[in-house]
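Enquirer: Below you will find the structure I want to go over with you.
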Amino acid sequence: KAGVTQTPRYLIKTRGQQVTLSCSPISGHRSVSWYQQTPGQGLQFLFEYFSETQRNKGNFPGRFSGRQFSNSRSEMNVSTLELGDSALYLCASSLALGVGYGYTFGSGTRLTVV
Amino acid sequence: DQQVKQNSPSLSVQEGRISILNCDYTNSMFDYFLWYKKYPAEGPTFLISISSIKDKNEDGRFTVFLNKSAKHLSLHIVPSQPGDSAVYFCAASAPQGAQKLVFGQGTRLTINP
């Protein structure tokens, strides 16, 4: 079966712009989580969606937002981009809420802010 | 505040020997721990997990040990193979933390032939 698909794979944006990243989970998975990976910081949790509702949110400013659609696809948006937002953004899908169900990660979107 | 720490950014091991990756945590509420492996340009892939009710879990060449009193877990890979060269992340979750995983910074493992 198809894995988690993230688009685009690479993105270059200018400071002050906004960006939207997309994640299509594995078919049948209803939970989608987003993580930011930067060198030296590991993966940091952004937010998780289940059944179109945000269930949990990490410690990121309000410039970071997301949503989930009825088909479980998710988007995250970053407004007023800063240089420090340059990172690999990873999406993970899960059958349901609960770490016991396991998370499958996509390959990520590499965002570079210049 | 880094609740999950991997203090070794890198580790180099000879092929066939044992690789030991370490992880420390500070939050005593963590009750489930996982190890992920990540190759460049790919997302992390799940390797092995352990619940806090156990102190050891084994899956083929991979064994995870949990020492709750020391708030320490380790991943042993025996024997190490060149394909094991990757970045390894440990992660933890707490029942009150909803579903999020708290990750360490990662350790880059290099297996030398």
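The values are calculated or read from the model by the stated rules, or taken from the named source; none is laboratory data. On a predicted model such as this, the values are computed, not experimentally measured, just so you know. Backbone-built Cβ (ideal geometry, glycine too); neighbour counts: all protein chains shown.
Enquirer: Only one residue in A:Leu83, A:Leu88 is under 24 Å from B:Lys37 (Cβ atoms) and hydrophobic (A, V, I, L, M, F, W, C). Which one?
Expert: Working: A:Leu83 fails: under 24 Å from B:Lys37 (Cβ atoms).
Selected residue: A:Leu88, the only one of A:Leu83, A:Leu88 that is under 24 Å from B:Lys37 (Cβ atoms) and hydrophobic (A, V, I, L, M, F, W, C).
Enquirer: A further question follows. Just need a number here: residues in region B:35-79 that are of a type in the set (Phe, Trp, Tyr) and touching a Ser or Thr at 6+ places or on another chain (Cβ under 7 Å).
Expert: Filtering region B:35-79 for residues of a type in the set (Phe, Trp, Tyr) gives B:35-36, B:39, B:46, B:62, B:65.
Add one more test, that the residue is touching a Ser or Thr at 6+ places or on another chain (Cβ under 7 Å), and what stays is B:36, B:65.
Qualifying residue count for the region: 2.
Enquirer: Still on this structure, please answer the following. Inside region A:59-104, can you point out the residues that are closer than 25 Å to A:Ile12 by Cα, crowded, with 16+ Cβ neighbours inside 10 Å and hydrophobic (A, V, I, L, M, F, W, C)?
Expert: Hits for region A:59-104 are A:Phe60, A:Phe64, A:Met76, A:Val78, A:Leu81, A:Ala87, A:Leu88, A:Leu90, A:Cys91, A:Ala92.
Enquirer: Would you confirm, using the coordinates I've provided, whether B:Gly60 is small (Gly, Ala, Ser) and surrounded by 13 or more Cβ atoms within 10 Å (Cβ to Cβ)? First the steps, then the outcome.
Expert: On the way: small (Gly, Ala, Ser): yes; surrounded by 13 or more Cβ atoms within 10 Å (Cβ to Cβ): no.
It is false that B:Gly60 is small (Gly, Ala, Ser) and surrounded by 13 or more Cβ atoms within 10 Å (Cβ to Cβ).
Enquirer: Going through region A:31-45 one residue at a time, which ones are touching a Leu at 6+ places or on another chain (Cβ under 9 Å) and either surrounded by 17 or more Cβ atoms within 10 Å (Cβ to Cβ) or at the interface with chain B (Cβ under 9 Å from one of its Cβ atoms) (or both)? It would help to see each step written out before you state the result.
Expert: So in region A:31-45, the residues touching a Leu at 6+ places or on another chain (Cβ under 9 Å) come out as A:31, A:33-38, A:43, A:45.
Result: A:Ser31, A:Ser33, A:Trp34, A:Tyr35, A:Gln36, A:Gln37, A:Leu43, A:Phe45.
Enquirer: Go through region B:9-113 and tell me which strands (runs of 3 or more DSSP E), entirely inside it, have 3 or more residues that are at the interface with chain A (Cβ under 9 Å from one of its Cβ atoms) and of a type outside the set (Lys, Arg).
Expert: Details: elements: B:10-14, B:19-25, B:32-38, B:45-51, B:56-59, B:62-67, B:72-77, B:86-93, B:107-112.
Counting at least 3 such residues, we get B:32-38, B:45-51, B:86-93.
Enquirer: How many residues are within 11 Å of chain B (Cβ to nearest Cβ) and free of Cβ contacts under 8 Å to residues at least 40 places away in the same chain if we restrict to region A:84-114?
Expert: Applying the first criterion (within 11 Å of chain B (Cβ to nearest Cβ)) to region A:84-114 yields A:88-94, A:96-110.
This time we only want the ones that are free of Cβ contacts under 8 Å to residues at least 40 places away in the same chain, so: A:98-100, A:102.
Qualifying residue count for the region: 4.
Enquirer: Would you say B:Ser69 is modelled with pLDDT of 95 or more, over 23 Å from A:Leu90 (Cβ atoms), surrounded by 18 or more Cβ atoms within 10 Å (Cβ to Cβ) and among the small types (Gly, Ala, Ser)? Before the answer, list the steps.
Expert: Numbers: modelled with pLDDT of 95 or more: yes; over 23 Å from A:Leu90 (Cβ atoms): yes; surrounded by 18 or more Cβ atoms within 10 Å (Cβ to Cβ): no; among the small types (Gly, Ala, Ser): yes.
Taking the combined requirement at face value, the residue does not satisfy it.
Enquirer: Would you list the strands (runs of 3 or more DSSP E) that sit entirely within region A:8-114 and hold 2 or more residues that are more than 12 Å from the chain's Cα centre (by Cα)?
Expert: Ranges flagged: A:10-13, A:42-50, A:53-57, A:109-113.
This table checks each residue for (1) farther than 17 Å from B:Thr110 by Cα; (2) modelled with pLDDT under 95; (3) of a type outside the set (A, V, I, L, M).
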residue	(1), (2), (3)
B:Ser12	no, no, yes
B:Glu15	no, no, yes
B:Ile18	no, no, no
B:Phe46	yes, yes, yes
B:Ser52	yes, yes, yes
B:Phe65	yes, no, yes
B:Asp84	no, no, yes
B:Val87	no, no, no
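Enquirer: Further question on the same structure: From the list B:Thr45, B:Thr26, pick out the single residue that is closer than 25 Å to A:Tyr35 by Cα and free of Cβ contacts under 8 Å to residues at least 12 places away in the same chain.
Expert: Values: B:Thr26 fails: free of Cβ contacts under 8 Å to residues at least 12 places away in the same chain.
Testing whether each residue is closer than 25 Å to A:Tyr35 by Cα and free of Cβ contacts under 8 Å to residues at least 12 places away in the same chain leaves just B:Thr45.
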